[in-house]
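For reference, the structure discussed in these notes is given below.
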Amino acid sequence: MSDPLLGHEPWIRLGLFVGILAVMATWEVAAPRRRRDISRLLRWTNNLGIVVIDTIVVRLTFPVLAVGLALIAEERGWGLMNVIGAPMWLAFIISVLALDLAIYLQHVMFHAVPALWRLHRMHHADLEFDVSTGLRFHPVEILLSMGLKLGVVAALGPPAVAVLVFEVLLNATSMFNHSNIRIPAQVDRALRLIVVTPDMHRVHHSIHPSETNSNFGFNLPWWDRLLGTYRAQPREGHEAMTIGIEQFRTIRDLWLDRMLIQPLHGSASGYPINRDRGDPPSTPLKGAKHESPVHPE
Ligand SMILES: [Zn+2]
């Protein structure tokens with residue numbers, strides 16, 4: 001088997017998590033992108049509390065996680081890559097790309113389907129955008145996400161080391177691209193050709209639904225560009241834009257207990273597919289001559 005890496009899996013995960021968290025937190029103090037208005041102690045205590053709950057829930061729910069399942073699939077010859085006997089380097093590249101595309105599509109679905117948006121909007125209800133936002137996901141979203149990943153792993157049969165690299169990378173890039181850090185514009189422009197940058201992802205945390213429903217990528221920025229969900233900058237600029245969603249805007253909403261029950265509170269309107277659109281479609285449908293006229297924005 002390929003992998004001294006796999007033998008040290010827990011330490012690699014924990015070490016990179018703590019290391020990148022520390023680097024990003026220091027960077028946020030040294031070169032912040034936006035002014036901070038809410039106490040870091042309050043947000044970080046609650047956002048990191050969610051990480052602890054998520055980790056426990058996912059470990060207790062699944063007998064095997066993505067890397068473990070990939071090892072089983074390798075042994076038993078399950079999944080496309082194992083069936084066709086793809087060379088390691090090719091299987092590695094295809095697997096990382098396929099997993100990243102799956103997570104992108106999952107993210108789009110979490111915005112589109114009302115019941116899924118109820119879960120995912122907890123991530124968007126953070127009133128500031130910093131490294132701890134990148135860790136704040138509802139435990140049920142984490143469970144569904146792991147379920148999807150297990151399905152992809154079973155069907156694809158990726159090398160276990162590719163799954164580990166992908167998961168570590170996703171955790172690292174999520175912390176990086178949620179950070180409240182200032183990166184010079186030219187560097188950001190170059191960086192976002194290969195990775196989702198904080199300025200690119202901050203657009204996704206705008207209070208305006210048209211901006212929230214863009215830039216879904218976490219790792220690779222290519223899916224948004226290829227599939228038409230890319231938006232370069234927020235219309236109000238990075239310093240002036242409002243972070244969060246309309247529904248949950250009090251300090252109390254940032255507490256752990258409130259975050260956990262947010263999916264049950266209020267309606268899921270405003271963002272998903274079947275939202276009541278105040279605005280008409282931007283182009284009239286062919287043949288729909290009797291529809292009301294389109295108003296210019
Ligand atoms: Zn989102």
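The values are calculated or read from the model by the stated rules, or taken from the named source; none is laboratory data. Fair warning: this is a prediction, and the values are worked out from it, not measured in the lab. Glycine also receives a Cβ, built like all others from the backbone with ideal geometry; neighbour counts cover every protein chain displayed. Just so you know, the surface numbers come from the protein's heavy atoms only, side chains and all, with ligands and any DNA or RNA stripped out. Shrake-Rupley method; radii C 1.70, N 1.55, O 1.52, S 1.80 Å.
Tabulated results
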| item | result |
| --- | --- |
| Gyration tensor verdict on the stretch 158-230 (Cα atoms; rounded if a/c is under 1.5, prolate if a/b is larger than b/c, oblate otherwise) | prolate |
| Peptides ranked, highest mean first, by Cβ atoms within 10 Å: ranges 19-28, 134-143 | 134-143, 19-28 |
| Gyration tensor verdict on the stretch 89-172 (Cα atoms; rounded if a/c is under 1.5, prolate if a/b is larger than b/c, oblate otherwise) | prolate |
| Cα gyration tensor, the stretch 52-106 - rounded (a/c under 1.5), prolate or oblate | oblate |
| For the stretch 1-133, accessible area per residue (1.4 Å probe, heavy atoms of protein chains only), Å² | 51 |
| Extension gain from residue 58 to residue 185, taking 0.36 nm per residue of separation minus the Cα-Cα distance | 41.9 nm |
| Calculated FRET efficiency for the pair residue 267/residue 83, C-beta based, R₀ 35 Å, to 0.05 | 0.15 |
| Heavy-atom SASA rank of 104, 230 (probe 1.4 Å, accessible area, largest first) | 230, 104 |
| Cα long-axis angle, helix 114-124 against the chain (0 to 90 degrees, to the nearest 10) | 90 |
| Backbone N within the stretch 5-25 under 11 Å of label point (7 Å from residue 51 Cα along the Cβ vector) | 14-25 |
| Efficiency of FRET between residue 115 and residue 11 - r from beta-carbon atoms, R0 30 angstrom, step 0.05 | 0.20 |
| The chain, helix-only ellipticity at 222 nm - DSSP H runs n ≥ 4, -39,500 (n - 2.57), divided by all residues, nearest 500 | -17000 deg cm²/dmol |
| Residue 181 long-range amide H proximity, modeled H, under 5 Å | 33 |
